[in-house]
Amino acid sequence: MKRYHTHRTIILITFAACIAGASTGCQTSPITTPQPVSVNSSNVSNVTNANTNVANSNSAASTARNANLPVTMPVIDAMFSDETFAQAAQSEARLTEEEVGKIRDAARNSVLQMNGEQSEDENRSTRSATDTTKKEIEKLVGAEKAAEFITLVQTRWAGDTSELSTSQPNSVPSDTRIVVNSPAYRMDLFKDGKLVKSYKVGIGYPEFPLPTGLRHAKEIIFNPTWTPPDEPWVKGKFEPGKKVEAGSKLNPLGPIKIPIGYPSLIHGGKDPSRLGNFASHGCVGLTNPMVQDIAVEIASIGGAALSTAEVKEFAKKKDETKNVKLPTPVPVELRYETIVVEDGKVHVFRDVYERGTNTEENLRKVLAAFDVSFDQLPEAEKSKLRDAILRMAVDAQGNIVTGNENSDAANNNSGKVTKNIKGVKEIVVDVAALRGKGYPAPVALVQK
């Protein structure tokens, strides 16, 4: 098996094609103070300490949850497009105005140096770009401030984590929401805790990974326009800064885009061959019929009157952009689960974003969530499971996912993206003790 490779910070997460518009900042759940029986210094102290403990616990849990979100120079560059981010970097990461400027310039220069070509044969690494970015930020502002800054970026990228349903592995929502699991290339629509429809999707390239966390769809935009950024991957295809009109065949967003929080979208425009594969610069990709289908579903959930006939009518008027606001925002939960129990079977997916999730420790946690002990399984099942996580603990190109940062790929600076996975994407193992347990199988699966 190939050794895991790394390279310099060349992940051009060009969010411009998938830009959602406004930044989703960190939202802290309000803490309710109990009604005191009497007001005295002891009660006030007890209440204050209790609230502080809850706040610290929530903060620690949020930090731990976001710790594996990849932060690269292009991610940072995208963050600076939000006017409030520079100020937050000063106040929350204790950076000076000069230090913020250095980081901004470094991120911009990193993006501008990329050639943006695409190839399906290039070895790429999400993790290596994250490692290199960390080192570059440390050189600019020191290790302590760099750590605080990266945590700030991760928190902003993750968005609101107070309503996540993933307290346990493979959790089934009890409410109404959309769940996207990137390694499974799957998007599920839940209504009142029941899975009613599933979609096979395309996800962001390894260099353009989908984030994780809870987002909200607040509007549906029909026939969106798109303004190409002044970045390398655009040149030769579009004129930077010149708007691509609604309905244009050159518009990569397709007939509908649904912002789900900075900087991602659910959008159309994808060929069916890209479903179940890498397909976008950090977005959930669908074919045009599929995005029209999910738009009707999201509108219904969000309290907007929108029929299939109206969606088809919008499609006929390709040059007219139409925004449909949702009275009630629809939760969209982005997950990264490479080990999923489904009706007595353990599905182990490729660790395509190199987060080191296919381990025996993680496997044990997943099984324990369904009251199954790995140690008590038959030896044949344990052997198959160990083999599955070992074989799937590789990136898109088949390179072993490790923490190694030193390899001969570290100087690769071509800026190309990985378009396809080499080899098997998934291994399924039957486990008798899990019979009837697990996350639901796809329902009414939409595949094109």
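With among the aliphatic types (A, V, I, L, M), assigned to a loop (DSSP other than H, G, I, E, B), modelled with pLDDT of 95 or more and surrounded by 15 or more Cβ atoms within 10 Å (Cβ to Cβ) as the only criterion, which of LEU164, LEU140, LEU69, LEU95 stands out? If you could, list the steps in order and put the result at the bottom.
On the way: LEU164 fails: modelled with pLDDT of 95 or more; LEU140 fails: assigned to a loop (DSSP other than H, G, I, E, B); LEU69 fails: modelled with pLDDT of 95 or more.
Answer to the check: LEU95.
Residue by residue, here is whether (1) of a type outside the set (A, V, I, L, M); (2) within 16 Å of the chain's Cα centre (by Cα) holds:
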site: VAL330; (1), (2): no, no
site: TYR336; (1), (2): yes, yes
site: VAL341; (1), (2): no, no
site: GLY344; (1), (2): yes, no
site: ARG350; (1), (2): yes, yes
site: ARG355; (1), (2): yes, yes
site: LEU363; (1), (2): no, no
site: VAL366; (1), (2): no, no
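Could you figure out which of (1) in contact with a Ser or Thr (Cβ under 9 Å, 6 or more places away or on another chain); (2) at pLDDT below 80; (3) surrounded by fewer than 18 Cβ atoms within 10 Å (Cβ to Cβ); (4) among the acidic types (Asp, Glu) isn't true of ASP230?
If we test ASP230 against (1) in contact with a Ser or Thr (Cβ under 9 Å, 6 or more places away or on another chain); (2) at pLDDT below 80; (3) surrounded by fewer than 18 Cβ atoms within 10 Å (Cβ to Cβ); (4) among the acidic types (Asp, Glu), just (1) comes out false.
Just give me the residues in the range 359-370 being touching a residue at least 40 places away in the same chain (Cβ under 8 Å) and outside any helix (DSSP H, G or I), in sequence order.
ALA369, PHE370
Can PRO255 be described as more than 23 Å from VAL180 (Cβ to Cβ) and either at pLDDT below 95 or in contact with a Pro (Cβ under 7 Å, 6 or more places away or on another chain) (or both)?
Details: more than 23 Å from VAL180 (Cβ to Cβ): no; either at pLDDT below 95 or in contact with a Pro (Cβ under 7 Å, 6 or more places away or on another chain) (or both): yes.
No.
Applying the selection to the range 396-436, what residues are surrounded by 18 or more Cβ atoms within 10 Å (Cβ to Cβ) and either of a type in the set (Ser, Thr, Tyr) or at pLDDT 85 or above (or both)?
Scanning the range 396-436 gives SER407, THR418, ILE427, VAL429, VAL431, LEU434.
Can ALA315 be described as in contact (Cβ under 8 Å) with a residue 40 or more places away in the chain, farther than 19 Å from ARG127 by Cβ and either outside any loop (DSSP other than H, G, I, E, B) or aromatic (Phe, Trp, Tyr) (or both)?
Yes, satisfied.
The values are calculated or read from the model by the stated rules, or taken from the named source; none is laboratory data. Just so it is clear, the structure is predicted and the values come from calculations on it, not from any experiment. Every residue, glycine among them, receives a Cβ derived from its backbone with ideal geometry; neighbour counts consider all protein chains shown.
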